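Here the structure is laid out as structure tokens; the discussion comes afterwards.
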Amino acid sequence: MFTYTTHLPNTLFMRAISHHLSLLNWRISTSRSLFSLRNTCTNTMSQSDNSSPFTTPRLVLKKVLAKSQHEGDGAVVRRGIGRSELKNLDPFLMLDHFSVSPPAGFPDHPHRGFETVTYMLEGGITHQDFAGHKGTIRAGDVQWMTAGRGIIHSEMPAEANNNKGLQLWINLSSRDKMIEPNYQELPSENIATAEKDGVEVRVIAGEAMGVHSPVYTRTPTMYLVFSMMPKTQWNQSIPESWNAFVYIIEGEGVFGSPTSSPTVPHHVLVLTQGDGLSVWNNSSKPLRFVLIGGQPLNEPVVQHGPFVMNTQSEIENTIEDYHYGRNGFEMSKYWMSQ
């Protein structure tokens, strides 16, 4: 409230009052405009911080917990792909997070029609097959095995305890299912690695942060292992037509949208179609996960255990080939792992 004491004539007095009120209104209007401008700037910065660099950002379509189950001879795996909730994700057939200690393991067993990718997290696995190939991969190493027309091998723990890793099965197209078996093995020190702003990537297949993997993928595939320090963010491009998923190894992260709930370890996140994925580590601990994508084959999948073909007839022929030791399984009657 304003109080005026004046001896001016009424006319002059009213003019003074009018001028004072006009000045007061101008100040109020200016203050409101500045307040509105500050709000506009704040909102714009907030939207910019959360905006996506992608035309079609990938979001989380489905979330699947990789539950523990027994496989092989006493081994325990957490299966994220290849279970009732997520039978497959073309071209991916299976993802296991395994843990095995002697005397458990994966003794002699056959494969046909796909590839296996084994990435060791701890300890080691000793591999040998009926063609004479033998070796041990340890923490950080990768074995990319193309089973093709047929192979029989064993995978057994190399250390007394804590032999842990991921094994991914990638389907082969009908034209590649009967090719000769092949191996690509990368020791940890030969895996392409890059780091930026607290985010590290190991490029097992594909490309990230400008570095490329030397691995040849018959079925076009990207396989990236990310480690993100607390309070970091990363945006990763993904070919738009590919199927892709995330598996969280440790820590917790926010995937796809900054408003999504954090995802904890041992979950598979199936992503929507799009040209890239944004990830935030808002926690106080490091986050480690794999981002895997591949070009769909769009072919029929008929699977019988370790055999993956396109028709039931081909599966029946494969079973006969394995039983009678022919068409890629010629050594099956005479070989046994040591």
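The values are calculated or read from the model by the stated rules, or taken from the named source; none is laboratory data. Just so we're clear, the structure is a prediction, and the values are computed from it rather than from any experiment. Neighbour counts are summed over all protein chains in view; Cβ atoms, including those assigned to glycine, are modelled from backbone coordinates with ideal geometry. Surface areas here come from the heavy atoms of the whole protein model, side chains and all, with no ligands, DNA or RNA. Shrake-Rupley method; radii C 1.70, N 1.55, O 1.52, S 1.80 Å.
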**OP:** Kindly state, to the nearest 0.05, the FRET efficiency for Arg175 paired with Ser283, given R0 = 51 Å and r defined as their beta-carbon distance.
**Re:** 0.65
Original post:
Using a 1.4 Å probe on the protein chains only, how many percent of the accessible area of the stretch 130-206 belongs to carbon and sulfur?
Top reply: 43 percent
**OP:** Round to a whole angstrom and tell me the spacing of the C-alpha centers of the stretch 299-319 and the stretch 207-230.
**Re:** 30 Å
**OP:** Using label points projected 7 Å from each Cα along Cα→Cβ, tell me how many nm separate Arg326 and Val76, to one decimal.
**Re:** 4.4 nm
Original post:
What full-extension length gain, to one decimal in nm, is calculated for Met336 and Ser237 as 0.36 nm per residue of separation minus the Cα-Cα distance?
Top reply: 31.2 nm
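Could you state the accessible area per residue of the stretch 291-334 in Å², with a 1.4 Å probe and every protein chain left in place? Present the calculation step by step, with values, prior to reporting the outcome.
Values: 2510 Å² over 44 residues.
That works out to 57 Å² for each residue.
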Original post:
Of the accessible area of the stretch 254-338, with the probe set at 1.4 angstrom, what percent is carbon plus sulfur?
Top reply: 51 percent
Original post:
Measuring with a 1.4 Å probe in the full set of protein chains, what accessible area per residue, in whole Å², belongs to the stretch 62-181?
Top reply: 36 Å²
Original post:
Within the stretch 316-334, whose backbone N sits under 18 Å from a point 7 Å along Cα→Cβ of Asp108?
Top reply: 319-334
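Measuring with a 1.4 Å probe in the full set of protein chains, what accessible area per residue, in whole Å², belongs to the stretch 200-240?
Using a 1.4 Å probe on heavy atoms only, each residue of the stretch 200-240 averages 42 Å².
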Subject >> Spin-label model distance (nm) - Lys134 vs Ala160, 7 Å beyond Cα toward Cβ >> reply: 2.4 nm
